[in-house]
Amino acid sequence: MKKIITIVLLVVFLLMFASCRKETVFQARNLQPQTNMFLPGWSGDDSYLEQLIAQMTLVEKIGQMTQAERSDIKAGDISRYALGSVLSGGGSAPARNTPEGWYRMVNGFINESMQTRLRIPVIYGIDAVHGHNNALNAVIFPHNVGLGAIAAGDLEKGRQAAYAACYITAQEMIATGIRMTFAPVLGVPDDIRWGRAYECYGENVEIISMMGECAVRGLQDGGVSACIKHFIGEGQTLNGRNQGNAYLDRAGIERLLPPYRAAIDAGAMAVMISFSSVNGIKMHEHKELITGLLKEEMGFKGMVLSDWDAVRQVSGGTYKNQIANAVNAGIDMVMATNGRDSWESFIRLLTELVEEGTVPMPRIDDAVLRILRFKQSAGILDTPSLNGHGSIGAEGNRSKAREIASDSLVLLRNENNVIDKLRSYKNILVAGQGANDIGMQCGGWTITWQGLHGASTEGTTILKGIQEAVKGNANVTYSEEGRADGKFDAVIAVIGEDPYAETEGDRENNINIRGKDMDMLRDVYSYGCPVIVIMLSGRPMTIGNEYENWDAFIAAWLPGTEGGCVADVLFGSRDFTGRTPYTWRKSIDGEILYPFAFGLSKYKNQYGLIVM
Ligand code: GLC
């Protein structure tokens, strides 16, 4: 009997990572007892929902349209206002940042919503964008730029990585009772100075479409509803400025739609609108693109969600006029997150707008229908809450994340095949802050919104991975500054970007190597032995001709908590299969250094010929 169970589980596990194709009918069932269900999806029949809406008061309808941040509400608010959703902003976590602490908090909100007259459950949303990244000690996967690097080298491998990373992310979310994530980002960055380039799968729209589809399927097969974002044109703003203005004609818009079409076809029932503007009109009041294009032309039947207090950026002058402009443009649920007053006054002002006819009741009913369709598709109308918390950070999840992170690494330079000689070296110096910094490996959206330096959460540093890989065969010395006594056979120097998120990551011009990293490099050049440089960054950094001093150069992007991935390809048998998902220029508008999809392997040169 045990043998039969083992075989069945093995088959389930193998199927779970079956390539993510439209024809995959297999809905990966959760292996955790508390989620013996997967998303039902929208039934297509609104009769039950319309009966429910017919019973709703205006207070209950507008309550459903309100999303508040967890720290802006107090006991009794959800039941009094019939709030539709609560969220965690980046880094917002319960006092006890444990699976039980999360579950108790989230379930407390859900239970309160079940005390309302019509017992419509609240849904809790969070930015789980590369793992359950607000949760301490969750497994953190490479940011999407790294997944895009896998796909740029091998599309099918990339799709499976997107699926697996999101499926496991969903599992770790479910373990804490959360069933909605504001992910994946489907932006198409045209300018890597944009601070959100690492949240995207690279510059190629076809790759983004396929990866986004698999991300949605992985999340939703894992029991979590995706909220794809940010519609539309976020990566086309002038000079890559976050929340800036994009000049787009119809063809320019059409170019950006395939990722949304693919994700919606894959079952996404929530879309978040971009802060940015198109041709001078804020997307959050762009009726032609939200209602005309997304809802009517593309036939999107789900819920349209605003971004963080973004309604206050639209025209109109007063919050009341801004609400009218945004809701009438097609926003269904408003993330009213500028303190308690923002959601309380949202409710009061929208009530006034409806009563005076500025926002027609049919618009309210359409918004509520879409919200209820989303909640139905998420399975929460039938199963408002899960029966208990699970665990996060399981070894099996970590080893999968490490495998995916290894596949995301891109070998850009390998003079005299120095990488393959590393295993024969006896004295290795590892240098650079990034070699011993989980926070730099993970980047933004990790434990805090902006990310942190240092041992911010459980994981394996690049240094630790190397020490474990060469144990007994070589001596490893570590110096953050790159200064150590002794002779070395090789130096592994880790450079990179400080963690950032959103506008904090915008750059006016070149994305230069940090001063402390340049100082370290100059120190390690003095040893006169091969220098292998590893870069932790959300995008191609500006390296000019500095690479000429490097015997090998590896782009590691933001690999997440499993930094042992680097040792697996440097010292292990794994080869490099990643390719750069962004065109890499010597300077922001300079000559191309590495073209899109460039990358080497340890065993083959760029012509695909075996190197001896
Ligand atoms: C942020 C981001 C968005 C995120 C939301 C909630 O400002 O623009 O991607 O989902 O707020 O944290």
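The values are calculated or read from the model by the stated rules, or taken from the named source; none is laboratory data. Worth saying up front: this structure is predicted, and the values here are computed from it rather than measured. Backbone-built Cβ (ideal geometry, glycine too); neighbour counts: all protein chains shown. Ligands, DNA and RNA are excluded from the accessible area calculation, which covers all protein heavy atoms including side chains. Shrake-Rupley method; radii C 1.70, N 1.55, O 1.52, S 1.80 Å.
Name the residues in the range 184-223 that are assigned to a helix (DSSP H, G or I), closer than 14 Å to residue 506 by Cβ and among the aliphatic types (A, V, I, L, M), would you? Correct list: 197 only. Only one of the numbered conditions (1) open to solvent by 10 Å² or more (accessible area, probe 1.4 Å); (2) part of a loop (DSSP other than H, G, I, E, B); (3) of a type outside the set (D, E, K, R); (4) within 16 Å of the ligand (Cβ to nearest atom) is violated by residue 71, and that is (2). When you check residue 126 against the structure, is it under 29 Å from residue 536 (Cα atoms), touching a Ser or Thr at 6+ places or on another chain (Cβ under 8 Å), within 16 Å of the ligand (Cβ to nearest atom) and open to solvent by less than 10 Å² (accessible area, probe 1.4 Å), yes or no? Yes. Taken as a whole, the structure leaves residue 173 outside the set of residues that are away from the ligand (no atom under 16 Å from the Cβ), open to solvent by less than 10 Å² (accessible area, probe 1.4 Å), under 30 Å from residue 384 (Cα atoms) and assigned to a helix (DSSP H, G or I).
Considering 506, 485, the condition of being in contact with a Phe, Trp or Tyr (Cβ under 8 Å, 6 or more places away or on another chain) and either of a type in the set (D, E, K, R) or within 16 Å of the ligand (Cβ to nearest atom) (or both) is satisfied by 506 alone.
Candidates 162, 135, 151: the one that is away from the ligand (no atom under 16 Å from the Cβ), open to solvent by less than 10 Å² (accessible area, probe 1.4 Å), among the aliphatic types (A, V, I, L, M) and under 16 Å from residue 398 (Cα atoms) is 162. Scanning the range 188-214 for residues that are without any contact (Cβ under 8 Å) to a residue 60 or more places away in the chain and open to solvent by less than 10 Å² (accessible area, probe 1.4 Å), we see that the one that is farthest from the ligand (Cβ to nearest atom) is 212. Contact map, the range 91-113: first residue acidic (Asp, Glu), second residue open to solvent by less than 40 Å² (accessible area, probe 1.4 Å), Cβ cut-off under 8 Å, separation 6 or more or different chains; pairs are 112/76; 112/78; 112/122. Quick check on the range 379-393. Is at least one of its residues surrounded by fewer than 21 Cβ atoms within 10 Å (Cβ to Cβ), under 28 Å from residue 303 (Cα atoms) and in contact with a Lys or Arg (Cβ under 7 Å, 6 or more places away or on another chain)? The answer is yes, given that some residue of the range 379-393 is surrounded by fewer than 21 Cβ atoms within 10 Å (Cβ to Cβ), under 28 Å from residue 303 (Cα atoms) and in contact with a Lys or Arg (Cβ under 7 Å, 6 or more places away or on another chain).
Looking at the structure I just gave you, is residue 119 open to solvent by 10 Å² or more (accessible area, probe 1.4 Å), away from the ligand (no atom under 15 Å from the Cβ) and of a type in the set (Lys, Arg)? Taking the combined requirement at face value, the residue satisfies it.
Here is the figure for the range 307-336: residues that are open to solvent by less than 10 Å² (accessible area, probe 1.4 Å), touching a residue at least 60 places away in the same chain (Cβ under 8 Å) and not hydrophobic (A, V, I, L, M, F, W, C) total 1.
Among 100, 60, which is more than 16 Å from the ligand (Cβ to nearest atom), crowded, with 19+ Cβ neighbours inside 10 Å and charged (D, E, K, R)?
On the way: 100 fails: crowded, with 19+ Cβ neighbours inside 10 Å.
When all the criteria are applied, what remains is 60.
Residue 366 - would you say it is among the acidic types (Asp, Glu), buried (at least 19 other Cβ atoms within 10 Å of the Cβ) and assigned to a helix (DSSP H, G or I)?
Values: among the acidic types (Asp, Glu): yes; buried (at least 19 other Cβ atoms within 10 Å of the Cβ): no; assigned to a helix (DSSP H, G or I): yes.
Against the criterion (among the acidic types (Asp, Glu), buried (at least 19 other Cβ atoms within 10 Å of the Cβ) and assigned to a helix (DSSP H, G or I)), residue 366 does not qualify.
Quick one: is residue 551 over 22 Å from residue 456 (Cβ atoms) and either modelled with pLDDT under 95 or in contact with a helix residue (DSSP H, G or I) (Cβ under 7 Å, 6 or more places away or on another chain) (or both)? It is true that residue 551 is over 22 Å from residue 456 (Cβ atoms) and either modelled with pLDDT under 95 or in contact with a helix residue (DSSP H, G or I) (Cβ under 7 Å, 6 or more places away or on another chain) (or both).
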